[in-house]
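In what follows, a single structure is set out as structure tokens and then discussed.
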Amino acid sequence: MLKTHVKENNRRPVINTQLQNYIESLIKRNVYEHDIICSKCRSRIRRELQSQTLVDVATDDDENCAQGLPGPAEVISPKTLQLSISSTSKSHRRCIICKKENTRRHRLVVVPKESATQALIDKGIFISTNSRCCPDHLIGKYFKQNSLKTVQKSSSSSYFNRTDISELLERTRAVIKDTGKLNFDISSSLSDDDYVNLTGLTRKQFDAVALHVKDLRNSEVRSVRTCLAILLVKLRTGLSNSILSTLFSLKYHQIRRAVHSTRESLIQSFVPSFLGFNHITHQEFSQKHTTPTAKTLFANDNDGTAIFVLDGTYLYIQKKLVSPISKDDI
């Protein structure tokens, strides 16, 4: 632009299209990515562009530019599009659900994009980027059902830019893509009756069991809740792995691995705490799990006696398929 020789350490490349267009309008000729300008011109253009809120040229790319490498550039799109979509508060200091403040003892977390999409689809409320909430309101990357019901709007309209709209469309497309499969990650995708019919557990019972699956980790393919659901649905319905792979949109070997991993995790972390003789004390068993009738008949109303009955009606034993005793046994 100054039409002078530029030293090598003072060269700055034209690093984005907006910058090229702006320089072309000044010098009246085509500008390409390999063209360079001096630091003085670059600083002047940067100030002009920032004042027009068109382009924000990163201020920390001097080292890359001095080496002749293209530096990062971020296109800023101002939020000028107003839509009639309700939104929550934009404060980073308070939880958008319970309004608790962010303190050292009570740390808030950024609302995941999946939770923001969930709120927009289920309640029609837009949650802005970097909004905060309490960790207790989340199950994985989604809101709990009771937390989602308490999300309140603070404005009847919202301002968007092209980045917001693009992200909303992309996330909504991902949700629609997964609507054809059983999804236990989004609490609102299944009703309470669906939980009972598929797994034999209520929603709260399922959430409680999921907390004890500690050895598994979420992955891009399936979550911990999905693994638990696969095992419980298989135990409840007796469906084959091939049918489960269709219901959960997973491959056959992924279903098999999920069943095995979840079973091993429950045996290690859940079973010892709720089943067997070691999970309960003698006193607790005698007081809470022994009926008054049993105490009267077998213990002379002694509260300290624990009574339990071992029933072998459904005890599986091996015997011949064709046997004259079979009919008598029935």
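Some values worked out for this structure:
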| read-out | value |
| --- | --- |
| Flag if T129 is in a loop (DSSP other than H, G, I, E, B) and hydroxyl-bearing (S, T, Y) | yes |
| Segment 214-250: number of residues that are in a loop (DSSP other than H, G, I, E, B), under 19 Å from G200 (Cβ atoms) and not small (G, A, S) | 2 |
| Positions within segment 93-109 being surrounded by 13 or more Cβ atoms within 10 Å (Cβ to Cβ) and not polar (S, T, N, Q), in sequence order | R94, C95, I96, I97, K100, L108, V109 |
| Verdict on R171 being in contact with a Ser or Thr (Cβ under 8 Å, 6 or more places away or on another chain), in a helix (DSSP H, G or I) and not assigned by TED's automatic domain parsing to the domain that holds S265 | yes |
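Residue by residue, here is whether (1) polar (S, T, N, Q); (2) outside the structural domain of C95 (by TED's automatic domain parsing); (3) more than 26 Å from K204 (Cβ to Cβ) holds:
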site: T117; (1), (2), (3): yes, no, no
site: D122; (1), (2), (3): no, no, no
site: F126; (1), (2), (3): no, no, yes
site: C133; (1), (2), (3): no, no, no
site: Q145; (1), (2), (3): yes, no, no
site: K149; (1), (2), (3): no, no, no
site: S155; (1), (2), (3): yes, no, yes
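Every residue, every condition in (1) out of contact with any Phe, Trp or Tyr (no Cβ under 7 Å at 6 or more places or on another chain); (2) acidic (D, E); (3) under 15 Å from L182 (Cβ atoms); (4) without any contact (Cβ under 8 Å) to a residue 60 or more places away in the chain, yes or no:
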site: V209; (1), (2), (3), (4): no, no, no, no
site: V213; (1), (2), (3), (4): yes, no, no, yes
site: L231; (1), (2), (3), (4): yes, no, yes, yes
site: R236; (1), (2), (3), (4): yes, no, yes, yes
site: R263; (1), (2), (3), (4): yes, no, no, yes
site: S269; (1), (2), (3), (4): yes, no, no, yes
site: P272; (1), (2), (3), (4): yes, no, no, yes
site: L275; (1), (2), (3), (4): yes, no, no, yes
site: N278; (1), (2), (3), (4): yes, no, no, yes
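The values are calculated or read from the model by the stated rules, or taken from the named source; none is laboratory data. Please read these numbers as outputs of a predicted model, since none were measured by experiment. Glycine also receives a Cβ, built like all others from the backbone with ideal geometry; neighbour counts cover every protein chain displayed.
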